[in-house]
Every structure is written in C-alpha cells, then in structure tokens.
Amino acid sequence: QAKDKGRNAFQFYTSDMNLAVEQRLTVERELRVALKNGQFELYYQPVIDLTTGKMVAAEALVRWNHPTRGLVLPGEFIPAAEDSGLIVPLGKWVLKTACYQARLIQKSMHRKFSVSVNLSARQLNDPSFLTNLDRVLEVTSLPPESLVLEVTESTLMEDSENVIPRLEKLRLKGCSLAIDDFGTGYSSLSYLKRLPINSLKVDRSFVKDLPDDEEDRAITSLIVAMANSLHYKVVVEGVETDQQHRFLSDCGCHFGQGFLYSRPLPADHLMAMLFDDVAP
Ligand code: C2E
Ligand code: MG
Ligand code: MG
Ligand code: MG
C-alpha cells in the first residue's frame, strides 16, 4: 500500500513538475516579448530621513505591465528572469532607466537625489557589467555618488571569490553599495567586514512585529548600533506603523522605507511628491 501511495505521489510530482516547467517557459517567452515591447516600468519607493521626515532617496522597483494580467510584481518574474539569464538585459534596462530618471529629478528640482537599484548575482557576474555601468553614468550624466547599488547577502555568498574585487571597482567609480535584506543571509560578520559597503538595509521581517516582539527589538537595536559604530548607513525596510517608526528612531536608526511613508510610486507621482516639498 505504501508503495502504491509512493507511486501515486511520484505521478503527481512529475505532472506538477511538467506544469511548473511549462509555466516557466511561458513566462520566459513572455518576458522576451515584454523586453522588446517596453512592458516594464520602474516604481520608486521613497527613503525617508527619520528625523526630518523628508525624502532623501528612492529605490527603483521594477513592475511588469502585463497585457492581460495587469501590473505584475517582481516576485512573480524575477526568479524566471534570473534562471533564464534574461535578468541581464532586464537589469540593464532597469539601471539605465533609474539613472536617467534620477538625473531628470536632479535637474528639474535643483536638488540632491539618489537612486537605489537592485542587482542580481547574474548581473554582477556579467563580464560587461562594469563597462555598461560606465556608459550609463556617462550618457545620463548622473554623478556616480547619486547611485546606490543593492545586493543581497545571498548574492554575495554565491561567488565570494570574484565578487569582492568587483564591488571594490564599483566603489572606486564612486557608487555606493548597500547590503539588502540584511540579517536574512548567512554571511558572517568577519566576511561583512571585508566588504566595501556603505549601508545596510535591515530586512523587514525584523520590523514586522516591532515594537511588541522582544527578540525583534533586540535584533533591530543591535543591528542599528553595530551599523552606526561601523559607520554604515542603516535603512530599515518595511516600516508600516507609527510605533515602529518611533521605536526605530529611538534606537538611533536614521533612515527608513515603508508603507507608513509611501508605497512604491510611478515616476511621475514621485516627481509630484518631490515638487510638493519645494513648491510655495
Ligand atoms: P527589496 O529590494 O527588498 O525591496 C523592498 C520590497 O519591499 C518591495 O517589494 C517593496 O514594495 C516592499 N515594501 C516596501 N515597504 C514595505 C512595507 O512597509 N511593508 C511591506 N509588506 N512591504 C514593503 P517589491 O517591489 O515587490 O520587490 C520585491 C523584491 O524584488 C525586491 O526586494 C528585490 O529583491 C526584487 N526586485 C525589485 N526590483 C528589482 C530589479 O530591478 N532588479 C532585481 N534584480 N531585483 C528587483
Ligand atoms: Mg532592495
Ligand atoms: Mg530588502
Ligand atoms: Mg526583499
């Protein structure tokens, strides 16, 4: 009987697998079309200075305007883009678009403004990555100091041999480097110490149950204290409530991102928000 059950389980498994493979191939095919037809759009989520409440930067987050499914979030297509290698051309599009729009903001508002862009391992390992970055900064005339590149701990762990020299080159160009989803990977503190980073983005899983959860209180205040004494900038992700905001600013955290301040916005909404700040 156990054997029968096992065989049935196996059959379910294979048909699920086929379905998964088919869906993946469909997504890949659609992604190629999407790239060609300009179906991607960048949304921007403000990064807030917790003491002044003002926007100091924004993170570019890609969205897919799917012809039938509407607006699709990155969680649903970034994995397929990574597996298929399409993340390389998609990432190039994200980088140039984010730099171009950030430069437009700087020029039209006469203000400082930085933009963060998420990088995948595949992109960072792409041999043309650094020359492409040079070209993008040149054609958009975005000062490299205005660009923050975000990499997750797991990206860094994937290829730690080659990754550090590449990150050092990014820093030499003048770009900033942030570790995204900090605290969810397995990197050791001694490894972190070797990385040429400027900032840590504390993963929102630690923020979700603040300020009630005692462990999360301990973890976030420890990360913030550590980052401050190592002179890293800390950005806390996923701030949704006033109580979380208060706890984090009491901890000495300087920057935050989250629905409490703003959801990710289309570029024109972001511009309008910045304009409201300066307009009489
Ligand atoms: P991430 O880089 O950690 O981005 C933050 C995610 O948290 C965003 O989800 C954002 O909408 C969400 N978020 C922000 N504030 C809150 C909040 O207060 N509460 C909650 N519940 N969520 C909040 P999104 O836009 O769906 O992006 C998910 C992930 O997809 C990103 O995580 C990033 O890893 C990846 N991603 C997005 N755009 C790109 C891209 O252009 N390239 C690559 N390689 N990855 C990207
Ligand atoms: Mg990010
Ligand atoms: Mg994150
Ligand atoms: Mg994340």
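If you plug the beta carbon distance of residue 230 and residue 205 into 1/(1 + (r/R0)^6) with R0 = 25 Å, you get a FRET efficiency near 0.70.
Between 190, 247, 206, the Cα set farthest toward the positive side of the dipole of the stretch 112-262 (charges on each charged residue's Cβ, about the Cα centre) is that of 190.
Could you work out the helix-only [θ] at 222 nm for the chain, with each DSSP H run of four or more residues adding -39,500 (n - 2.57) and the total divided by the number of residues, to the nearest 500 deg cm²/dmol? Estimated from H runs of four or more residues: -16500 deg cm²/dmol. Remark: the stretch 90-210 carries a charge dipole of roughly 540 debye about the Cα centre, counting +1 on each Lys and Arg Cβ and -1 on each Asp and Glu Cβ. Counting only protein heavy atoms and a 1.4 Å probe, the stretch 72-124 has 43 square angstrom of accessible area per residue.
DSSP finds beta bridges in the chain, and of those with both partners inside it, around 40 percent are antiparallel. Summing +1 for each Lys or Arg and -1 for each Asp or Glu, what net charge is found among the other residues whose Cβ lies under 13 Å from the Cβ of residue 257? Result for the neighbourhood of residue 257: -4.
Label-to-label distance for residue 76 and residue 35 is 2.1 nm, based on points extended 7 Å past Cα in the beta-carbon direction. Against the chain, whose longest principal axis is taken from its Cα atoms, helix 129-140 shows a tilt of about 50°.
Accessible surface ranking for 175, 251, 1.4 angstrom probe, highest first: 251, 175. Summing Lys and Arg as +1 and Asp and Glu as -1 over all other residues whose Cβ lies under 13 Å from the Cβ of residue 46 gives a net charge of -3. The stretch between residue 54 and residue 212 holds 54.2 nm of extra length on full extension. This uses 0.36 nm per residue minus the Cα-Cα distance. Comparing mean-square fluctuations of 214, 158, 59 from a GNM of the chain with C-alpha springs under 10 Å, the top value falls on 214.
Ligands, DNA and RNA are left out, and with a 1.4 angstrom probe the accessible area of the stretch 167-220 is 53 Å² per residue.
Checking the table 36/107; 92/193; 112/201; 36/92 against a 25 Å threshold on Cα-Cα, which pairs fail?
Beyond 25 Å between Cα atoms: 36/107; 92/193.
Solvent-accessible surface (1.4 Å probe) assigned to residue 48 amounts to roughly 10 Å².
Centroid-to-centroid, using Cα positions, the stretch 104-173 and the stretch 180-212 are 19 Å apart.
The figure for residue 191 is an accessible area of roughly 20 square angstrom, using a 1.4 Å probe on the protein chains alone.
Rounded to the nearest 10 degrees, the inclination of helix 87-109 to the longest alpha-carbon principal axis of the chain is 20 degrees.
With R₀ set to 35 Å, the beta-carbon distance separating residue 130 from residue 66 gives a calculated FRET efficiency near 0.65.
Label zone of residue 104 (point 7 Å out along Cα→Cβ, amide N under 17 Å): in the stretch 21-39 this covers 38-39. Against the chain, whose longest principal axis comes from its Cα atoms, helix 160-173 is set at around 30 degrees.
The values are calculated or read from the model by the stated rules, or taken from the named source; none is laboratory data. Just so it is clear, the model here is predicted, and its values are computed rather than measured. So basically every Cβ, Gly included, is an ideal-geometry build from the backbone, and we count neighbours across all protein chains shown. Accessible surface is based on the protein model in full, side chains and every heavy atom, while ligands, DNA and RNA are left aside. Shrake-Rupley method; radii C 1.70, N 1.55, O 1.52, S 1.80 Å.
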